[in-house]
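The values are calculated or read from the model by the stated rules, or taken from the named source; none is laboratory data. Please read these numbers as outputs of a predicted model, since none were measured by experiment. Here the Cβ positions follow ideal geometry from the backbone for every residue, glycine too, while neighbour counts run over all protein chains shown.
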Amino acid sequence: MIIRIVKMGFLPDQIDAFLENFEQNKEKIRNFEGCSHLKLLRDTHQTNQFFTYSHWESEEHLNNYRNSALFKGVWANTKNKFSQRPEAWSVIEA
């Protein structure tokens with residue numbers, strides 16, 4: 001299993017639009033083949049900082065999602081709201 005963590009910082013006036021986009025797409029992402037978990041987290045102090053935390057059966061499943069029309073649509077609607085470059089990690093439990 002791959003755990004994918006993505007850190008994203010948003011322009012303050014774009015946070016509501018990001019949250020709306022996430023809400024509209026979260027079940028589609030959760031139901032994408034190979035995804036068994038998706039959660040959105042928000043930093044308690046820097047409230048424009050968000051993290052997605054997702055579980056994927058394999059790196060191949062994650063890459064299939066990253067190459068999908070669903071991801072491309074979600075990402076196109078997300079990346080224009082950033083205040084900083086996003087960071088991403090793919091990790092496994094030690």
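Just checking, which of E20, E33 is more than 15 Å from the chain's Cα centre (by Cα), more than 18 Å from P86 (Cα to Cα) and at pLDDT 95 or above?
After ruling out the rest, the residue left standing is E33.
Note on segment 45-94: residues that are under 13 Å from K7 (Cβ atoms), among the polar types (S, T, N, Q) and not in a strand (DSSP E or B) amount to 5.
Restricting attention to segment 1-54, which residues are surrounded by 15 or more Cβ atoms within 10 Å (Cβ to Cβ), closer than 15 Å to A88 by Cα and charged (D, E, K, R)? Once the filter is applied, which keeps residues that are surrounded by 15 or more Cβ atoms within 10 Å (Cβ to Cβ), closer than 15 Å to A88 by Cα and charged (D, E, K, R), segment 1-54 yields R4, K7. Only residues that are of a type in the set (S, T, Y) and either under 14 Å from N77 (Cα atoms) or touching an Asp or Glu at 6+ places or on another chain (Cβ under 9 Å) (or both) were counted across segment 1-47, and they come to 1. Could we say that K26 is in a strand (DSSP E or B), basic (K, R), out of contact with any helix residue (DSSP H, G or I) (no Cβ under 6 Å at 6 or more places or on another chain) and free of Cβ contacts under 8 Å to residues at least 60 places away in the same chain here? When the stated conditions are applied, K26 does not pass them.
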